[in-house]
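One structure is given here, and the rest of the page talks about it.
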């Protein structure tokens, strides 16, 4: 059972990392002003691949995990995207994002009780 949780957590963080990759790929493509390049640059293609793998991992793990675990694990992706963007992209972590993250954590704690 522990391995299914590990797979699900890996899928959540892989999804978060791919969203950051998509943002970096799109930001680099804005400079070239080529719409096709925004979707087909190497970073975006890698992000699509990671999203595909994360989808497969999630589908596999959630077949065996209780729905209560999925509802707790999925919102953690929102928080991890914000933290990865703060850490890797040097984006600001606003008060509104902090409040939203706090509500996500509180909601998952209340739901898991």
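Within segment 68-113, can you find the residues that are in contact with a helix residue (DSSP H, G or I) (Cβ under 6 Å, 6 or more places away or on another chain), within 16 Å of residue 9 (Cα to Cα) and not in a helix (DSSP H, G or I)?
Within segment 68-113, 75 is the sole residue that qualifies.
Among (1) in contact with a helix residue (DSSP H, G or I) (Cβ under 6 Å, 6 or more places away or on another chain); (2) modelled with pLDDT under 85; (3) surrounded by fewer than 18 Cβ atoms within 10 Å (Cβ to Cβ), there is one condition residue 34 misses while meeting the rest; what is its number?
Of the numbered conditions (1) in contact with a helix residue (DSSP H, G or I) (Cβ under 6 Å, 6 or more places away or on another chain); (2) modelled with pLDDT under 85; (3) surrounded by fewer than 18 Cβ atoms within 10 Å (Cβ to Cβ), the odd one out for residue 34 is (1).
When segment 3-52 is examined, which residues are found to be part of a loop (DSSP other than H, G, I, E, B) and closer than 22 Å to residue 80 by Cβ? It would help to see each step written out before you state the result.
Quick first cut of segment 3-52, residues part of a loop (DSSP other than H, G, I, E, B) only: 31-34, 41.
Residues satisfying the conditions do not exist here.
Just to be sure, is residue 39 surrounded by fewer than 16 Cβ atoms within 10 Å (Cβ to Cβ) and within 15 Å of residue 76 (Cα to Cα)? Spell out how you get there, then give the answer.
On the way: surrounded by fewer than 16 Cβ atoms within 10 Å (Cβ to Cβ): yes; within 15 Å of residue 76 (Cα to Cα): no.
No; evaluated as a whole, the condition is false for this residue.
Out of curiosity, is residue 14 crowded, with 17+ Cβ neighbours inside 10 Å and either within 19 Å of residue 78 (Cβ to Cβ) or more than 18 Å from the chain's Cα centre (by Cα) (or both)? Steps first, please.
Working: crowded, with 17+ Cβ neighbours inside 10 Å: yes; either within 19 Å of residue 78 (Cβ to Cβ) or more than 18 Å from the chain's Cα centre (by Cα) (or both): yes.
Yes.
This table checks each residue for (1) surrounded by 11 or more Cβ atoms within 10 Å (Cβ to Cβ); (2) within 22 Å of residue 4 (Cβ to Cβ); (3) modelled with pLDDT of 85 or more.
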{"residue": "65", "(1), (2), (3)": "yes, yes, yes"}
{"residue": "86", "(1), (2), (3)": "yes, no, yes"}
{"residue": "99", "(1), (2), (3)": "no, no, yes"}
{"residue": "106", "(1), (2), (3)": "no, no, yes"}
{"residue": "109", "(1), (2), (3)": "no, yes, no"}
{"residue": "112", "(1), (2), (3)": "no, yes, no"}
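The values are calculated or read from the model by the stated rules, or taken from the named source; none is laboratory data. As the structure is a prediction and not an experimental result, all values here were calculated from the model. Positions of Cβ are generated from backbone atoms using ideal geometry, with glycine treated the same way; all protein chains shown enter the neighbour counts.
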